[in-house]
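Trainee: The structure follows.
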Amino acid sequence: MSLVLGRLCVSYRSCLWRSLSGCQEALDRFCCPGRQGASLHTSIVASAGHNKWSKVKHIKGPKDAARARLFAKLSMMIKVAVREGGPHPDFNPQLYQLIEQGRQRNMPKVSIEAAIKGADKSKPTSYALLQARGPGGCSLIIELLTDNTSRSFADLRLLLNKNGGTPTDALHCFNKKGVVTTQTQDRDGKPVQMEQALDLAIQSGAEDVQEFQDEEEETDVYKYICDLSSLRDVRSQLISLGLVPISSGLEYLPITTVELSDADKERVFKLLELIKDQPDVMRIYDNIE
């Protein structure tokens, strides 16, 4: 899986559509044996450390600007979903999920409708992955939706080279998993404590549940982790158990995390903010503790 500029492949597209989420997140982390199987992660120390970095690295500038970028990227994804599956969400699961995600993010209804109607007029776009190593030896996977892969890769390579990063193989440092992101309150507005969330994970068939901070809304969320093949079933079960999903789809989860110095964290923070500002970037995954 060693690629200098990442991997673009058609078979990846169908999986990525289940990762609507793209933009939340996600997103939210070098290589050692992974967490496979159905055991639940209950280490409070590990989760707390990871969540602390998540809260630090996703500090935003003006919130309006961040929200505008999010809506622009959601619009791009909606247009591609319409071109591939039609404009009717009842018959297009990808479009339905994107519309629901837009509503959860308070995306204006007129913007959603404009994206659906403007799908035929938009440029053809493709998904791509750029793998990289950042300051301090952290691994990065950058998810793109672009109408010009060569241009997007060149722009990102320049950013990486100027800010202590380099394109290199990174996929082997991550596990590809299905993730259902939910609110930390149930549909009645009652808080769901972690002990209860773990119990709901078992009942729904999820392998793991972790608490993160939503990088756009700056609120805590739960991420229920499962195999891709069981993603739809887990989501349905969580809804039946009273939880409120925010998004569901594919995510790249780190096999192990790396601890960085404060100086390297600052350099990574700057690099991630620059990458996120690129219009073609949908999501960034890292393995930082």
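Let's see how each residue does on (1) charged (D, E, K, R); (2) assigned to a helix (DSSP H, G or I); (3) touching a strand residue (DSSP E or B) at 6+ places or on another chain (Cβ under 7 Å):
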site: Asp120; (1), (2), (3): yes, yes, no
site: Leu130; (1), (2), (3): no, no, yes
site: Leu159; (1), (2), (3): no, yes, no
site: Gln210; (1), (2), (3): no, no, yes
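Trainee: Only residues that are of a type outside the set (Ser, Thr, Tyr), closer than 22 Å to Leu95 by Cα and touching an Asp or Glu at 6+ places or on another chain (Cβ under 7 Å): list them for region 110-136, please.
Mentor: Scanning region 110-136 gives Lys123, Pro124, Leu129.
Trainee: Another one. When you look at Ala206, is it within 21 Å of the chain's Cα centre (by Cα), buried (at least 22 other Cβ atoms within 10 Å of the Cβ) and over 24 Å from Arg105 (Cβ atoms), yes or no?
Mentor: Criteria not met by Ala206.
Trainee: Going through region 54-74 one residue at a time, which ones are under 16 Å from the mean Cα position of the chain (by Cα) and either modelled with pLDDT under 50 or open to solvent by less than 40 Å² (accessible area, probe 1.4 Å) (or both)?
Mentor: If the condition is that a residue be under 16 Å from the mean Cα position of the chain (by Cα) and either modelled with pLDDT under 50 or open to solvent by less than 40 Å² (accessible area, probe 1.4 Å) (or both), then Ser54, Lys55, Lys57, His58, Ala66, Leu70, Phe71, Lys73, Leu74 are the ones that fit.
The rows are residues; the columns are (1) open to solvent by 10 Å² or more (accessible area, probe 1.4 Å); (2) hydrophobic (A, V, I, L, M, F, W, C); (3) over 21 Å from the mean Cα position of the chain (by Cα); (4) under 30 Å from Val234 (Cβ atoms).
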| residue | (1), (2), (3), (4) |
| --- | --- |
| Leu144 | no, yes, no, yes |
| Lys190 | yes, no, yes, yes |
| Ile202 | yes, yes, yes, yes |
| Glu211 | yes, no, no, yes |
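Trainee: Please name all residue pairs, on different chains or six or more residues apart, with Cβ atoms under 8 Å, provided the first residue is in region 142-158 and is under 25 Å from Asn287 (Cβ atoms) and the second residue is of a type in the set (S, T, N, Q) and open to solvent by 10 Å² or more (accessible area, probe 1.4 Å).
Mentor: Leu145/Thr125; Leu145/Ser126; Thr146/Thr125; Thr146/Ser126; Thr149/Ser126; Ser152/Gln278; Asp155/Gln278; Leu156/Gln278
Trainee: Out of the residues in region 105-130 meeting the condition of being within 16 Å of Ile284 (Cα to Cα) and in contact with a helix residue (DSSP H, G or I) (Cβ under 6 Å, 6 or more places away or on another chain), tell me which one is modelled with the lowest pLDDT.
Mentor: Only one residue tops the list, namely Tyr127.
Trainee: Say we look at region 273-289 and pick out the residues that are open to solvent by less than 60 Å² (accessible area, probe 1.4 Å) and assigned to a loop (DSSP other than H, G, I, E, B); which of these is nearest to Lys162 (Cα to Cα)?
Mentor: Gln278
Trainee: Sort out which residues of region 197-237 are farther than 12 Å from Val180 by Cβ and of a type in the set (Gly, Ala, Ser), and write them in order of number.
Mentor: Hit for region 197-237 is Ser229, nothing else.
Trainee: Among what's in region 234-272 and is among the hydroxyl-bearing types (Ser, Thr, Tyr) and in a loop (DSSP other than H, G, I, E, B), pick the residue that is farthest from Asn287 (Cα to Cα).
Mentor: Ser261
Trainee: Additional query: How many residues does region 222-247 contain that are among the small types (Gly, Ala, Ser), under 19 Å from the mean Cα position of the chain (by Cα) and open to solvent by 10 Å² or more (accessible area, probe 1.4 Å)?
Mentor: 2
The values are calculated or read from the model by the stated rules, or taken from the named source; none is laboratory data. Predicted model, so just to flag it, every value in this text is computed and none were measured. Here Cβ is always computed from backbone atoms with ideal geometry, including for glycine, and neighbour counts include all displayed protein chains. When the accessible area is computed, the model is the full protein with side chains, heavy atoms only, and any ligands, DNA or RNA have been set aside. Shrake-Rupley method; radii C 1.70, N 1.55, O 1.52, S 1.80 Å.
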